[in-house]
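Coordinate-derived values only; no laboratory data. What you see is a predicted model, and the numbers here were worked out from it, not measured in a lab. Neighbour counts run over all protein chains shown; Cβ positions are idealised from the backbone, glycine included.
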Amino acid sequence: MAFAMGGALVYTVGIPTFLGLILYSNHKKLVLQTPRCQKRYGFLYAKYEDRAWYSRLLELTQTLTLTLTLTLTLTLTLTLTLA
């Protein structure tokens, strides 16, 4: 169960953090609009305005947090029921 919780934590915290760092560093370097950056990471921010480059990160964090919460709740409920 510890392995599953660790994996869920990496999934909900690690992925958004990693993507956020990529977007933030490219935003600070002012390269988000270069063709190379758009080709590699454009799917994360293409539908948002330039000043809201972090919006996808917020959506992803919300989705992953909800997934983690539901998974842990179900797991703990089943564990307590079966114990």
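Overview of results
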{"quantity": "Helix 55-82 axis, angle to the chain major axis (alpha carbon atoms, nearest 10°)", "calculated": "10 degrees"}
{"quantity": "Label point at Leu72 placed 7 Å out along Cα→Cβ; residues across the range 1-45 whose backbone nitrogen lies under 19 Å", "calculated": "1-18"}
{"quantity": "For the range 1-39 and the range 65-83, distance of Cα centres in Å", "calculated": "26 Å"}
{"quantity": "Packing-based exposure ordering (other Cβ within 10 Å, fewest first) of Thr79, Thr12, Thr71", "calculated": "Thr79, Thr71, Thr12"}
{"quantity": "Cut-off 12 Å, label 7 Å out along Cα→Cβ of Ala46, residues of the range 4-40 by amide N", "calculated": "38-40"}
{"quantity": "Cα-based Rg / Dmax (Å) for the chain", "calculated": "16.8, 56"}
{"quantity": "Between helix 15-28 and the chain: long-axis angle, C-alpha atoms, 0 to 90°, nearest 10", "calculated": "20 degrees"}
{"quantity": "Set of the range 54-72 residues, backbone N closer than 20 Å to the point 7 Å along the Cα-Cβ line of Met5", "calculated": "64-72"}
